[in-house]
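Heads up, the thing below is written out as structure tokens.
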Amino acid sequence: MGCGASTEPGKTSLKALEEPVVPVDPSKFTSVCKKAQGQSATWLGASQLLVISGDNEAEVHPLEVLDLTTTTFQEVGSLKGLAWPLVTASRDRQRYAAVAGLEVHVRSSATHETTLTLRVPGQGAAYVSSLEFSPDGRHLAAVVDNVCTVYDMEGNLVLTVEGEKLKMSACWYDADTLLSLNEWVIYYHTLSSKELVNKWELPQGTVAEAHVSKDKKLLVSDDNAKLKLLAWEPDMKAFETLQTFDAPPGNYSGPSNLIVFSDERSVLYEPGGGGNFRYHNLETGEIITVPRGEGPEEGLPSVSKAVLAPAEDYIAILGFSGLEVFRLIRAAPERATMASKYRQRLAQSSGVSSSRAFESDIGKKILMKYGWSEGQGLGRLKNGRTECIQAERREDKKGLGITKRKSEEQWDNWWADCFNSVAKSISVKAGAESPQKASESSDSSDDDADKKEGARVTAVKKAGAMAGKLRRVLRQDSRPAI
């Protein structure tokens, strides 16, 4: 059996398309806290872990909150019951449900006071084996043996699903759709109709756990050491197998405690004994064993529960050896690369080089704070621009000024237009060079010489134009003195 992922041609893989893919680095798992006793746990916040501690055979189980900022435990209550205890929190972390037997207590995460008590039906030594809130936190599904019951937050029974096989688990597809996994049979119910809509039988393997991805695909683990990616829509008659991943089994069974990260290609699971977790990259097929210290004897289950923190930076693993909290570190080099590609894709879809005009909601809120309303122009007179300034992303390997704004033709030819317009207004006409005869008794010869048309070429008159004046000067000089 190989360790890689076998993908059918044309099928899609399980990974998020809206977020950068940043896988976990298994070599950098760091243990930050240990506790000798721990039976079940759930995260109430980014750094607060609610733990049911104590002995499994005890009648009273203490409830403690671990603060990772100080790595200290604080007791906040207790839980009574002889069965294996369970605790789970809603997705908004506002409330949690705890059970040790058949009596479920719904409590506030802030005050740890009981707001609702539910008595789940069961016979003999039966106990609640699965407990899960709906995505909107308005309903709670509890499984006892092969029966799944759903309650609202007022204690009313909403739905009861009874399976044909012995073992059952439940998985919420959405706030109104419940998938009940009864070994290899999957039941599909809606809370609105409260009836069985459809059921399917998987061709191979018994479903151990299931996870619904963001794009509504179902990842299931089975007892044949397989992870299967199934496609299903409410109007489909059967599931379609998109991918099958080989998961090396443990000492006695297939993968359990399935944890899928938000990138939806990184998976952690316990292979069925051995004391270690396995990190599985579903896209590349890489499988790495994550050490977890000393485990119990060969063949015994070492992990009973594993829960991931909301920020996916911590994981709590519980088992017979107690509680251990690990800090998860992402792969920094790939994170930087993927983040850069993600920013580019985000920029193209946010108005920069996009076919859709960019609009700033933040800028709109700031303007409305100062009395502006949508549709008005900017400025004191409200006659300014009304649309957002559109940016344009520079092309790759293109410098500034590679493109030029098309201006008016007269502006591009400004110097030529100026020269041509001035040249057209200048008109020069040449004057006649023929000498004119001047009268000796009249001074009009000077005036006649000055009436030539055309522009004056030089400011100094030539001698031929001054003949009359020279003769008068000579006559005056030749007269005898009286």
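Computed from the coordinates by the stated procedures, all read-outs in this text should not be read as laboratory data. Values in this document were obtained by computation on a predicted structure and should not be read as measured data. Cβ coordinates were reconstructed from backbone atoms using ideal geometry, including for glycine residues, and neighbour counts include every protein chain displayed.
Things to note:
- Anisotropy class of the range 37-187 from Cα gyration tensor, a/c 1.5 cut: prolate
- Virtual spin-label span in nm between A125 and R385, 7 Å along Cα→Cβ: 7.7
- K214-E374 FRET efficiency (beta carbon distance; Förster radius 22 Å; 0.05 resolution): 0.10
- The label point for I362 and the one for N146, both projected 7 Å from the Cα toward the Cβ, are 5.7 nm apart.
- Given +1 at the Cβ of Lys and Arg, -1 at the Cβ of Asp and Glu and no other charges, the dipole of the range 42-186 around its Cα centre is 80 debye to the nearest 20.
- Each peptide in 171-179, 114-122 was scored by the mean count of other Cβ atoms within 10 Å over its residues; highest first, the order is 171-179, 114-122.
- Relative packing of peptides 145-158, 68-81, 95-108 - highest average C-beta neighbours within 10 Å first: 95-108, 145-158, 68-81
- In a simple Cβ point-charge model (Lys, Arg +1; Asp, Glu -1; nothing else charged), the range 120-233 has a dipole of about 240 debye relative to its Cα centre.
- Scaling the Cα radius of gyration of the range 20-330 by the globular reference 2.2 N^0.38 Å produces a ratio of 0.96.
- From least to most packed, judged by other beta carbons within 10 angstrom and beginning with the fewest, E387, E283 follow the order E387, E283.
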